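The values are calculated or read from the model by the stated rules, or taken from the named source; none is laboratory data. The structure presented is a predicted model; accordingly, all values stated were derived computationally and were not measured. Positions of Cβ are backbone-derived with ideal geometry, glycine not excepted, and every protein chain shown enters the neighbour counts. All accessible areas refer to the heavy atoms of the entire protein, side chains included, with ligands and DNA or RNA removed. Shrake-Rupley method; radii C 1.70, N 1.55, O 1.52, S 1.80 Å.
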Amino acid sequence: MKGKKLKSGEIENALNQFLKDEQHLVLGFKKGEGGVGHQIFKGSLDHYSLVNPLFGANAALYLRRLFSKGLKVMLMLRPCEIRAYVELHKLTQVEREDIIAVSIDCFGTVSSKEKKDDVPAEADKLTGYFQDKDSMRWACSVCRERRGVVGDAGVRIDKSGNYWMVPYTEKGEDLVSGMEGEFEEVPAEMLIPESAKTDKFQIDMETFNKDFEKCIMCMNCRDMCPVCYCIDCVFNGDEYLPKGDALLNKVFRTGSTQMPRGKDLFHLIRMYHVSQTCVGCGACEEACPQGIPLTKYFKGVSERLQGVFSYMSGRSFDEPIPYVTFLEDELKDAMD
Amino acid sequence: MAEDEKDKNPEIVGFCCSYCTFKASEMAGSLRMKYPEGIKVIEVPCSSRVDPAFIIKAIVEGADGVFVSGCHPGDCHFIKGNFYTRRKIAALKEMFDAFSMKDKLRLFWVSASEARRFIDKVTTFYNDIKEKNNEREKA
Amino acid sequence: MKTGIFICHCGHNIKHTVDVKKLSEYFKTFPNVTVSQDYVFVCSEPGQDMIKDAIEKEGLDRVIIASCTPSLHGPMFKDVLRKSNLNPFLLRRVSIREHCAWVGNDVEANTEKAKRLILAGLYSSAHHVPLEEKIVDVKKSALVVGGGVSGLSAAIFLSKMGMQVHLVEKKSELGGHVRTLKGVWPAGRDGKSIVEDMVRELEGRENVEIFTSTTITNFEGFFGNYEVTLNTPQGEKKLTVGGAVLAIGFSPFDPSIKPELHYGKDERIITTLEFENNSNTLQLPEKPRVAILHCVGSRDEQIGKVYCSRVCCVNALRVGNALKDNYKDSYVESFYMDVRAHPKGGEEFFEDTQEKGVLFTRANVGEIVPTPTGVIIRGEDTLFGETFEREFDLVVLSIGMSSPEDCKLIANTFKIALDKDNFFMEAHIKLRPFDTAVKGIFIAGTCSGPKDVEESINHGRASAVKLFGLLNLGYTYVDPFISYVDPKRCSGCRMCEHACFSNAIKYDEEKRVVHVEEAACMGCGLCNATCPSSAISLRGYIDPMIDDEISGFTEAI
Ligand SMILES: Cc1cc2nc3c(=O)[nH]c(=O)nc-3n(C[C@H](O)[C@H](O)[C@H](O)COP(=O)(O)OP(=O)(O)OC[C@H]3O[C@@H](n4cnc5c(N)ncnc54)[C@H](O)[C@@H]3O)c2cc1C
Ligand code: SF4
Ligand code: SF4
Ligand code: SF4
Ligand code: SF4
Ligand code: SF4
Ligand code: SF4
């Protein structure tokens, strides 16, 4: 694979160059008072940060229903965010035409809830900081893809600390060609290695019920999930989670009930809904006021279900979402 | 129904395609074949109409088992519906497996003429669940 | 909501194992149930009147009929609602016969199950909405596929009743197998003259078009207006027909599947069909020794054909008779399992044949071995339990009927089902023996299972009568079970569109939502199950209906 080794400051230069066009925007990170956060830059960069060690939200969320043509947007985001964008593109929730998606090698992140002041924002210091695994969000510690290998192009860091810009699509090719430097072979081994395989997720309903005991059904998890894209979620209706009259009707039929009810229905059905598109980012868990270990379940289940079809969410623009396609000769074990 | 009694007699919900398995179930009835009353079927126009959410709902609301049954691959009245069913149910089975309840979901292919096969499939499923429930009770 | 529940005894059928009284009493206590009644035969005239009265007097807006399986009496019960000015889709059928009374013996358990089934119907019916039935014109024309006696008989009836008939025969001549038979039993008439009489009835009729050497390459559309594509010697031809009778016959069992019979390896081993065709050219000695084997390719577990072909025993008897008539001093021995001389007069024919001197040996024939001097048959006499070995000059295999050669092709083209022996399957063995599951497609003759000539002709006529009844109305209701999109809820993700294999879903780039092309939607519901938020729904099978049906089963009573 070929890419360009970048001189320091080249990424900022290139982005500023890009932003000179009035119609261009960059969605990336900004160093601010309270730490690093998402920012849409217009005109020029300002306190730009290539990496963001505080998780917060998955920025693909902001791309939903982005169809405008003519405005070019460059995404400079983490792999899990770019992957969610790729899935949203398959779900026709975002137009790809005017977006250039660049994934950046990710060192892992700290939960924004933890409010740690000592987290460095510089790539060279983060490796050291995350030596202590416990300081990392659980989602990141088991992340399937921390390398900037998804989207149109990636920013990779080699073992000596050099930055590389590597194109993956034609669009990426255009971008990298315009940057300074010559194309050369990218080193095989980089600072961020391929993720180790994690154990198959295995649990039982008793543990599930215990884990979700404190859930208050606020549905923040759904609202912050980048791939829970529905304009009118099925749980807004009465079929699965009856409300008002429908609720009373149900209670009349079944007898006294604990409230809130339907936790298992909500989470299990949502789990199935996002089973092929979940990128394991943990944005749901980040959003949960009750500290429910959502990533364990959603990432765990989706990884298994994607495995059935050798699919990986966000890996490629071309793989169709498995539920809308089939092979005639497959899944021999599925029938009993 | 008392809790212990329920354990003894599993409740099974089956989704049957109107063009094949439901027809087989009708024929089983006409031929006076017997199967346990815990087995109750819902007619759907095609097995591809079965939303995995229905299955999750049935289990969460207390069914001991759910089966989905359609035409053999290649024989779907709608030509390809059951291929999609197979994908969805294979995935859902994997999910059930993750929750250690794989035994609660089955997928059968039963054509309209296979009344005997229908009976065999549902009765085996019923008995397997019953055995599992009894084991669990003993444990 | 005002629901009426009508629980049928079906005479004794349901009442025998379900406590119908208890059920009707139980449902009286439900808040939304205005009428709950059990009745001896809900489908009878007074039964229908009872429902009509209740709808009119009580102002019912939902009707639940708990009785036989929904595929029976559907149109009739719908009519009852129509006549009472209630939309027929506010009817809910609950099967407590085929799915309850007949499959369990325990009255208490059955009653409990029936309660659940009706409850599920009751909950679900709350989500029924009036649906608009489309009425479409039915073309008064019929396609008949296969020009054997069954197809001919169907075509004759339909044309006499004034329907336009298109008769399609694969071969260059009409008549099917009967054309080749000599002395067709019981009348002893020449098969050729039988079919030629029938063909003459058709020829010259203005409303009949006969296509020989023609096959069907495509069949699509809906009852009343099916589009057919034919491959004729003159090239491709397209037709529109209201319905079709399929009469593609059978294929003779091929004994070479059983290598131990050495069929095809020696010309002294022939089938009944070959005997029929060449009986005068057979070179036999003056006192020929002839063996006749019954049940070849029938009632044979080994090759998966356990059915009786109904004509082979009589055929075997006919061969024996013919031989005795032509060669007085012949030695003719029939090896049989048991003689099933099916049609009327068959038993007498059997006795006659015995009297003529044909020997009958109950036997399992193990193998047939050709040698220079004769053909040896080895087997076991199952009456005396001893093995035997005998030499003959000729062995005639009385072959059975196998499913027609094109069964899979035609079943796929017409989207109908095959039974386990690859014959066409009837919608219901007893109640709808001429229908298929596809509206307006009927089956006739041996393509639905072995029959003799008379049975085939009658079957053909009966199917034609059924098709005539449907076509003659001139119109039909189209089930409105197709999908629709709630544009306010659709996220425009196009998942449903990608999944739908009949390309019925179209995406609107402007509005960023999808819509359904109604004419193309087949009503499978895949889109509904694929859309996570169910913004697209299949009419008649919408989510809340199924969800509440589940609840009826699972919720504690
Ligand atoms: C050896 C033997 C002897 C018999 N003797 C007697 C007897 O003595 N008395 C008696 O009552 N019965 C007898 N029968 C049974 C009798 O032959 C059948 O009952 C009769 O032929 C059935 O008629 P049919 O129209 O159903 O089928 P067929 O006669 O098989 O006719 C079917 C027609 O459909 C055509 N066809 C097939 N596929 C296609 C296609 N894809 N497209 C268009 N056309 C197609 C065929 O070419 C054929 O013309 C005998 C049968 C056998 C095997
Ligand atoms: S989930 Fe992976 S890609 Fe996302 S922030 Fe964590 S380590 Fe980075
Ligand atoms: S965010 Fe947490 S508390 Fe709220 S619904 Fe989700 S899991 Fe439950
Ligand atoms: S839970 Fe399901 S229906 Fe709701 S927004 Fe997520 S994917 Fe859509
Ligand atoms: S379910 Fe959770 S982990 Fe999966 S994509 Fe959504 S927010 Fe991320
Ligand atoms: S019901 Fe079937 S044919 Fe109709 S739009 Fe949906 S997927 Fe397509
Ligand atoms: S799957 Fe549902 S949300 Fe998506 S386009 Fe179809 S109807 Fe709309």
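If you take the residues in the stretch A:33-60 that are under 20 Å from residue A:149 (Cα atoms) and within 16 Å of ligand 3 (Cβ to nearest atom), which one is nearest to the other protein chains (Cβ to nearest Cβ)? I'd like the intermediate steps shown before the answer.
If we filter the stretch A:33-60 for residues that are under 20 Å from residue A:149 (Cα atoms), which is where we start, we get A:49-53, A:55, A:58-60.
Keeping just the survivors that are within 16 Å of ligand 3 (Cβ to nearest atom) gives A:55, A:58.
On the way: A:55: 25, A:58: 18 Å.
Filtering first and then ranking leaves A:58.
Among C:103, C:80, C:94, which is within 14 Å of chain B (Cβ to nearest Cβ), under 30 Å from residue C:135 (Cβ atoms) and aliphatic (A, V, I, L, M)?
Working: C:103 fails: under 30 Å from residue C:135 (Cβ atoms); C:80 fails: within 14 Å of chain B (Cβ to nearest Cβ).
Testing whether each residue is within 14 Å of chain B (Cβ to nearest Cβ), under 30 Å from residue C:135 (Cβ atoms) and aliphatic (A, V, I, L, M) leaves just C:94.
From the list C:43, C:8, which residue is open to solvent by 20 Å² or more (accessible area, probe 1.4 Å) and hydrophobic (A, V, I, L, M, F, W, C)?
Being open to solvent by 20 Å² or more (accessible area, probe 1.4 Å) and hydrophobic (A, V, I, L, M, F, W, C) holds for just one of C:43, C:8, which is C:43.
Being of a type in the set (S, T, N, Q) and within 33 Å of the chain's Cα centre (by Cα) is the filter here, so list the residues in the stretch C:531-557 that pass it.
Taking the stretch C:531-557 and keeping what is of a type in the set (S, T, N, Q), we get C:533-534, C:537, C:551, C:554.
The one that is of a type in the set (S, T, N, Q) and within 33 Å of the chain's Cα centre (by Cα): C:537.
Among what's in the stretch C:242-261 and is open to solvent by 20 Å² or more (accessible area, probe 1.4 Å), in contact (Cβ under 8 Å) with a residue 60 or more places away in the chain and in contact with a helix residue (DSSP H, G or I) (Cβ under 9 Å, 6 or more places away or on another chain), pick the residue that is farthest from residue C:322 (Cα to Cα).
Of all residues in the stretch C:242-261, those open to solvent by 20 Å² or more (accessible area, probe 1.4 Å) come to C:248, C:250-252, C:254, C:256-260.
Then keep just the ones that are in contact (Cβ under 8 Å) with a residue 60 or more places away in the chain; that gives C:248, C:250-252, C:254, C:260.
Subset that is in contact with a helix residue (DSSP H, G or I) (Cβ under 9 Å, 6 or more places away or on another chain): C:248, C:250-252.
Numbers: C:248: 29, C:250: 25, C:251: 24, C:252: 21 Å.
This residue is C:248.
Where residues in the stretch C:432-444 are open to solvent by less than 40 Å² (accessible area, probe 1.4 Å) and not hydrophobic (A, V, I, L, M, F, W, C), which of them is farthest from the other protein chains (Cβ to nearest Cβ)? Spell out how you get there, then give the answer.
Residues of the stretch C:432-444 open to solvent by less than 40 Å² (accessible area, probe 1.4 Å): C:433, C:435-436, C:438, C:440-444.
Still in the list and also not hydrophobic (A, V, I, L, M, F, W, C): C:433, C:435-436, C:440.
Details: C:433: 12, C:435: 12, C:436: 10, C:440: 15 Å.
Among those that are open to solvent by less than 40 Å² (accessible area, probe 1.4 Å) and not hydrophobic (A, V, I, L, M, F, W, C), it is C:440.
Please go through the stretch A:203-242 and give me each residue that is over 28 Å from residue A:253 (Cα atoms), in a loop (DSSP other than H, G, I, E, B) and more than 9 Å from chain C (Cβ to nearest Cβ), ordered by number.
A:203, A:204, A:225, A:226, A:227
Can you run down the residue pairs with Cβ atoms below 6 Å, 6 or more apart or on separate chains, where the first is in the stretch C:509-531 and in contact (Cβ under 8 Å) with a residue 40 or more places away in the chain and farther than 13 Å from residue C:499 by Cβ and the partner is away from ligand 1 (no atom under 16 Å from the Cβ) and among the aliphatic types (A, V, I, L, M)?
Going by the 6 Å Cβ cut-off, the qualifying pairs are C:523/C:482.
Could you please tell me which pairs satisfy a Cβ distance under 6 Å, a separation of 6+ or placement on different chains, a first residue in the stretch C:462-487 that is under 21 Å from residue C:534 (Cα atoms), and a second residue that is within 16 Å of ligand 4 (Cβ to nearest atom) and not in a strand (DSSP E or B)?
C:483/C:527; C:486/C:535
Cβ contacts < 6 Å: first residue over 18 Å from residue C:550 (Cα atoms), restricted to the stretch A:245-269; second residue assigned to a helix (DSSP H, G or I), any location; separation 6+ or different chain. Result?
If the second residue must be assigned to a helix (DSSP H, G or I), the pairs left are A:257/A:251.
Does residue B:125 meet the test of being within 9 Å of chain C (Cβ to nearest Cβ), assigned to a helix (DSSP H, G or I) and open to solvent by less than 10 Å² (accessible area, probe 1.4 Å)?
Details: within 9 Å of chain C (Cβ to nearest Cβ): no; assigned to a helix (DSSP H, G or I): yes; open to solvent by less than 10 Å² (accessible area, probe 1.4 Å): yes.
Against the criterion (within 9 Å of chain C (Cβ to nearest Cβ), assigned to a helix (DSSP H, G or I) and open to solvent by less than 10 Å² (accessible area, probe 1.4 Å)), residue B:125 does not qualify.
Show me the strands (runs of 3 or more DSSP E) found entirely inside the stretch A:78-173 where at least 2 residues are touching a helix residue (DSSP H, G or I) at 6+ places or on another chain (Cβ under 8 Å) and open to solvent by 10 Å² or more (accessible area, probe 1.4 Å). Working first, answer last.
Values: elements: A:99-104, A:153-157, A:163-167.
Answer list for the stretch A:78-173: A:163-167.
Within the stretch A:263-309, restricting attention to residues that are within 21 Å of residue B:90 (Cα to Cα) and polar (S, T, N, Q), which residue is farthest from ligand 1 (Cβ to nearest atom)?
Filtering the stretch A:263-309 for residues that are within 21 Å of residue B:90 (Cα to Cα) and polar (S, T, N, Q), the one farthest from ligand 1 (Cβ to nearest atom) comes out as A:302.
With the stretch B:1-96 as the region, which helices (runs of 4 or more DSSP H) entirely inside it contain at least 3 residues that are in contact with a strand residue (DSSP E or B) (Cβ under 7 Å, 6 or more places away or on another chain) and not aliphatic (A, V, I, L, M)?
On the way: elements: B:3-8, B:21-30, B:52-60.
It comes to B:21-30.
Mind counting the residues in the stretch A:154-182 that are more than 25 Å from the chain's Cα centre (by Cα) and of a type in the set (A, V, I, L, M, F, W, C)?
Qualifying residue count for the region: 1.
Filter the stretch C:499-557 down to residues that are closer than 24 Å to residue C:226 by Cα, small (Gly, Ala, Ser) and more than 9 Å from chain B (Cβ to nearest Cβ) and give me whichever is surrounded by the fewest Cβ atoms within 10 Å (Cβ to Cβ).
Across the stretch C:499-557, the extreme among qualifying residues is C:519.
So residue A:326 clears everything in (1) in a helix (DSSP H, G or I); (2) buried (at least 17 other Cβ atoms within 10 Å of the Cβ); (3) away from ligand 4 (no atom under 16 Å from the Cβ) except one condition, right? Which one?
The single condition residue A:326 does not satisfy is (1).
Being away from chain C (no Cβ under 14 Å), surrounded by fewer than 19 Cβ atoms within 10 Å (Cβ to Cβ) and under 17 Å from residue A:80 (Cβ atoms) is true for just one of A:198, A:295. Which residue is that? Write out each step before concluding.
Numbers: A:295 fails: surrounded by fewer than 19 Cβ atoms within 10 Å (Cβ to Cβ).
Going through A:198, A:295 in turn, just one is away from chain C (no Cβ under 14 Å), surrounded by fewer than 19 Cβ atoms within 10 Å (Cβ to Cβ) and under 17 Å from residue A:80 (Cβ atoms): A:198.
Are any residues in the stretch B:12-40 closer than 14 Å to residue B:125 by Cβ, touching a Phe, Trp or Tyr at 6+ places or on another chain (Cβ under 7 Å) and facing another protein chain (nearest Cβ under 7 Å), and if so, which ones?
Answer for the stretch B:12-40, where residues must be closer than 14 Å to residue B:125 by Cβ, touching a Phe, Trp or Tyr at 6+ places or on another chain (Cβ under 7 Å) and facing another protein chain (nearest Cβ under 7 Å): B:13, B:25, B:40.
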